[in-house]
Amino acid sequence: MKNDKVFFIAGFLGLPIAVVILFLLAPAMLTIIISFTGLDHRLRWEYVGLENYRRILTDPNMLLFIANTAMFVAGTLAFNVGMGLLLALISTHVIEPIGYLVRAIYLLPRVTPSVVFAFIMLWIFSPLDSGVINSTLIRIGFNPIPWTTSFPWLFLFIVNGLVGCSLGMLIFTSAIKSIPSDYIIAAKVDGAPYITIIFKIIIPMIKGHIAFVTAYQTLSLITSFEYILLTLDGGPGYYTTEVWALAAFHKAFAQYSLSSQYGYAAAMTSFLMVAAAILTILYWRAFRLREMISQPKIEV
Amino acid sequence: MGRFSSILLNIVAITVALIGMAPFALLTLLAFSRNPTSIEGFTHENFAFIWTGKLFADPRYLQIYPDIHLVTLNTLALALGVSGVVVLLSSMAGYILSRYSVPARGTLLGLILALHGIPVIILLIGLYFLLRSMGLINNLLGVIMAKTTLDLPLGIWVMKGFYDSIPWDIEIASIVDGAGRLRTWAKVMLPLIRPGIAALAVLEFISGWGEFLLIYTLIFSNTSWTLSMVIRGLIGEMGSINLNLIAALSLYYFIPVLIFFILAQKYLLKVSLGGIRG
């Protein structure tokens, strides 16, 4: 009987763990190992020590990549969290069917295949006359504006922000719904205008949730590059929107495999790994994520 | 809040909903548009590929763009593969973590939570060489395993949550009856967490169906392409000429997601919270 239990646990837990080790931990380790080699398109594994790291630290472009990453994270985060809060506030203060509809619709960009959403946004903000906004402008007698080339960052904030804002929206919604209604009724009886209720009661009471969403999104945005790759691909021009993660990706998986520098790219991702690890540890402490271990995560 | 401002707020909310719908409505209109670059005229000819499998009449393009039927089957294989493996492995691990006091359980749960946030970029280079050495590069099976593993930590968390919500007595009764642990799990527990399985299966189907980055890096030959690669290719090559065709293909790609989304929205509004990267 005792044996039976051990076998059961070993099998049921062992198989998933083996898969995680093989396809998640092993590739991560392999990336670190590759960062100490000069591996490129010739596929020769030669140990070069810290050479890749030295080259990264002396490459003048790296400052540009860091600045771009900071810009990308800050802008997208502002859009993300602001939009999420706005959607949560609106959808909790209207009749429930409409509120539910708003939340469902703003969850769509997240489940839409990334290429499809990128295509739609590229077409809407296209610099060409055939873009949605530009063709409308032309029809009503204005000059077209080269949106994505003139405002590349704003475009990326909107695209990534629309994909990301549903996280904040859903978390803030459940937080707002759990505020005891006495607080709000009392404020209303006192004659407080709604804007005061929002800023003096609701926002202070969901402060923790706002901090959590901001922290979580920062962590994922630092390494995020898929929608940039699919839309502006680091352009327009010389590395205008090339963030660190995208630069690493380009170095490894360049359009022409002859210019692939796997070792160098792996070293670039090591820096991201360190940044992500530091942030995770900080958040672990700050948000006492340990408490989540004892609770099921599903019922947010 | 007065009656008037309450009505006003509802109107604002409806406007916000309409703005959120606009990108998808525009896509639909363009897909049925006769004019290749703007919404003008009505035709369903852009969807001819659904019957013929061919995006272009010109045979030269067949070299570049594989048969859409084949591409759809590839996409479906990826989605079903990811969904099936994630659901199976998560409902196994989730059960143990919910019910049994295994050694270092807390550490394990913490590790799973941390792994959930692991960024793809960190894995890609290692994955590329690992799958190469395993003969799984340029193979959809390799992509299925990679994608499955990325989504597994979330899946385990979700399934553990569903098991946690089921009371112990039924299960204990079954084990006391001598049904055996495996049998108890399969015959008693799995039916009870069917809503969880359904929710996770849908979420993972959507996740696998829409995958782009792993296909882009780990697949080279177009016979293993999924719809995301075809659309990506079309945008790059003729993103300013054949917009209505790209829109039709995009809509074709998006419709299954939309159907699943509508069917499972109630769960997705809750479950998808954890499954986020950026």
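Please say if the protein assembly as shown is rounded, prolate or oblate, where rounded means a/c under 1.5 for a ≥ b ≥ c the square roots of the C-alpha gyration tensor eigenvalues, and otherwise the choice is prolate for a/b larger than b/c and oblate otherwise? Rounded, since a/c falls under 1.5. Charging the Cβ of each Asp and Glu at -1 and of each Lys and Arg at +1, and nothing else, the dipole of region A:1-157 about its Cα centre rounds to 220 debye. Only helices enter this figure: runs of n ≥ 4 DSSP H residues, each worth -39500 (n - 2.57), summed and divided by the residues of the protein assembly as shown, yield -22500 deg cm²/dmol at 222 nm to the nearest 500. Taking the charge dipole of the protein assembly as shown about its Cα centre, with +1 at Lys and Arg Cβ atoms and -1 at Asp and Glu Cβ atoms, the residue from A:Y194, B:P256, B:P36 reaching farthest to the positive side is A:Y194. Rounded to the nearest 10 degrees, the inclination of helix B:3-31 to the longest alpha-carbon principal axis of chain B is 60 degrees. 3J(HN,Hα) couplings calculated from phi for region B:206-214 with the Karplus curve 6.51 cos²θ - 1.76 cosθ + 1.60 (θ = phi - 60°) are, in sequence order, 4, 5, x, 4, x, 4, 10, 4, 5 Hz; Gly and Pro show x.
Simple rule: put +1 on each Lys or Arg Cβ and -1 on each Asp or Glu Cβ in chain A, find the dipole, and look at A:I98, A:S178, A:F72; the Cα lying farthest toward the positive end is A:S178.
The Rg/Rh ratio for region A:59-293, using Cα coordinates for both the radius of gyration and the Kirkwood hydrodynamic radius, is 1.04. Taking one quarter of the surface of the convex hull spanned by the alpha-carbon atoms of chain B gives a direction-averaged projected area of 21.2 nm². Quick one: how many lysine pairs does the protein assembly as shown have with C-alpha atoms less than 25 Å apart and a gap of 8 or more or different chains? Give me the count, please. Taking the Cα cut-off of 25 Å, the pair count is 25.
If only the Cβ of Lys and Arg carry +1 and only the Cβ of Asp and Glu carry -1, the dipole of region A:59-293 around its Cα centre is close to 480 debye.
Residues whose amide H lies under 5 Å from that of A:T37, counting only those 5 or more places away or on a different chain, are A:V48; hydrogens are built 1.01 Å from N in the peptide plane. Which of the three applies to region A:1-140, rounded, prolate or oblate, going by the alpha-carbon gyration tensor with a ≥ b ≥ c and a/c under 1.5 meaning rounded? Oblate, since a/c reaches 1.5 and b/c is not below a/b. Placing +1 on the Cβ of every Lys and Arg and -1 on the Cβ of every Asp and Glu, with nothing else charged, gives the protein assembly as shown a dipole about its Cα centre of roughly 1000 debye.
Computed from the coordinates by the stated procedures, all read-outs in this text should not be read as laboratory data. The structure presented is a predicted model; accordingly, all values stated were derived computationally and were not measured. Ideal geometry is used to build each Cβ from the backbone, glycine not excepted, and the neighbour counts take in all protein chains shown.
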